[in-house]
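What follows draws every value from the coordinates through simple rules; no lab data is involved. Remember, predicted model here, so these are calculated numbers, not experimental data. Here the Cβ is made from the backbone with ideal geometry for all residues, glycine too, and neighbour counts use every protein chain on show.
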């Protein structure tokens, strides 16, 4: 399989001059098309910064982030926004749903920004809402849903634009263990149906074990599993 993502010698620093703080230090890895990859590491390891770069929300200080054969880290802000809208799907630990909008409106929102007609927006959103098992909740607000149901809404929203890459930041972090396992099972089912590539940032070993492989990050570098586990041992 061809690589969907290639991260080449990626560095990220904040500040300037003598006040520069290195966060990423020469990160290299790839993700193949159709692959599920977990990204693990302790707090402060650089996972969040790396995820922001992969999501075209931040730029590296140097190095390349190649997505679908193009170095998207070199694109303009408007071009990166287009990539986020059309190429990427996002799932967050805290769901990030619009509290005053219905399930249908939340799922259809990316299509609104993509300029899709109302009828098509609703048809595509309804199909995904039914797929994630929330057909009877289509008019509900997020406050009327359980945590697991809210994450299912977020999953449907992340897929509504038919992305090539799904980026999930602690997708089970706000859920109890049984509900988290249900969400993981749903993600696997959707992967089987769509062949979508997924990168799951997590502290949860259950999430990592559900992936095809795991990339470990420590102190802004990719390390092997033994070094990562040693770093977190008491």
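What is the fewest-to-most order of 177, 194 by other Cβ atoms lying within 10 Å of their Cβ?
Numbers: 177 10, 194 15.
Ranking 177, 194 by Cβ neighbours within 10 Å, fewest first, gives 177, 194.
Indicate the gyration tensor shape class of the range 42-154 (rounded, prolate or oblate), computed on the Cα atoms with a ≥ b ≥ c the square roots of the eigenvalues: a/c under 1.5 is rounded; otherwise a/b larger than b/c is prolate and the rest oblate.
Numbers: a/c = 2.88, a/b = 1.62, b/c = 1.77.
In terms of gyration-tensor shape, oblate.
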### Summary
At the level of C-alpha centres, the distance separating the range 123-166 and the range 1-64, in angstrom, is 29
### Task
Considering only 12, 135, 164, give the residue with the highest GNM mean-square fluctuation for the chain, with springs between Cα atoms whenever their separation is below 10 Å.
135
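In percent, how large is the relative contact order of the range 36-87, given Cα pairs closer than 8 Å and 6 or more residues apart?
Working: 30 pairs, mean separation 12.8, N = 52.
25 percent.
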#### Entry: Point-to-point label distance, residue 139-residue 209, nm (Cα→Cβ direction, 7 Å offset)
4.3
### Query
Using 7 Å Cα-to-Cβ label points, what is the residue 62/residue 32 separation (nm, one decimal)?
3.2
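What value does the range 116-181 have for Rg/Rh, both radii from Cα atoms and Rh as Kirkwood defines it? Show your work: numbers first, answer last.
Values: Rg = 12.6 Å, Rh = 12.8 Å.
Result for the range 116-181 is an Rg/Rh of 0.98.
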#### Entry: Gaussian network model of the chain, springs between alpha carbon atoms under 10 Å - residue of 167, 175, 39 with greatest fluctuation
175
### Query
Taking one equal scatterer on every alpha-carbon of the range 113-222, how large is log10 of I(q)/I(0) by Debye at q = 0.24 1/Å?
-1.47
### Query
Label-point separation (nm) for residue 101 and residue 77, each offset 7 Å from Cα along Cα-to-Cβ?
2.2
### Task
Just need log10 I(q)/I(0) for the chain at q = 0.15, 0.17, 0.18 Å⁻¹, Debye formula, equal scatterers on the alpha-carbon atoms, no solvent, rounded to two decimals.
-1.04, -1.28, -1.39
### Task
Name the most mobile residue of 209, 151, 93, meaning the one with the largest mean-square fluctuation, in a Gaussian network model of the chain with Cα contacts below 10 Å.
209
#### Entry: nm² value of the averaged projected area, convex hull over the Cα atoms of the range 1-54
4.3
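Fewest Cβ neighbours within 10 Å first, please rank 202, 49, 214 accordingly. Numbers along the way, then the final one.
Working: 202 23, 49 20, 214 17.
Listed from fewest to most nearby Cβ atoms, that is 214, 49, 202.
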### Summary
Among beta bridges assigned by DSSP with both residues in the chain, the antiparallel ones amount in percent, to the nearest 5, to 50
### Query
Using only helices, what value at 222 nm comes out for the chain when you add -39,500 (n - 2.57) per DSSP H run of length 4 or more and divide by the total residues, to the nearest 500 deg cm²/dmol?
-11500 deg cm²/dmol
### Query
So what are the range 144-190's ellipsoid semi-axes, whole angstrom, largest first, if each one is the square root of 5 times an eigenvalue of the alpha-carbon gyration tensor?
18, 12, 9
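So for the chain, averaging the separation of alpha carbon pairs under 8 Å that are six or more residues apart and normalising by length, what relative contact order in percent results?
On the way: 443 pairs, mean separation 66.9, N = 234.
Across the chain, relative contact order equals 29 percent.
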### Summary
The extension gain from residue 162 to residue 25, computed as 0.36 nm times the residue separation minus the Cα-Cα distance, is 46.1 nm
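By its C-alpha gyration tensor, with a ≥ b ≥ c as the square roots of the eigenvalues, how is the range 1-98 shaped: rounded for a/c under 1.5, else prolate for a/b larger than b/c, else oblate? Present the calculation step by step, with values, prior to reporting the outcome.
On the way: a/c = 1.34, a/b = 1.26, b/c = 1.07.
Judged from the Cα gyration tensor, the range 1-98 comes out rounded (a/c under 1.5).
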### Query
In which sequence would 33, 185, 76 go, from the one with the fewest C-beta neighbours within 10 Å to the one with the most?
76, 185, 33
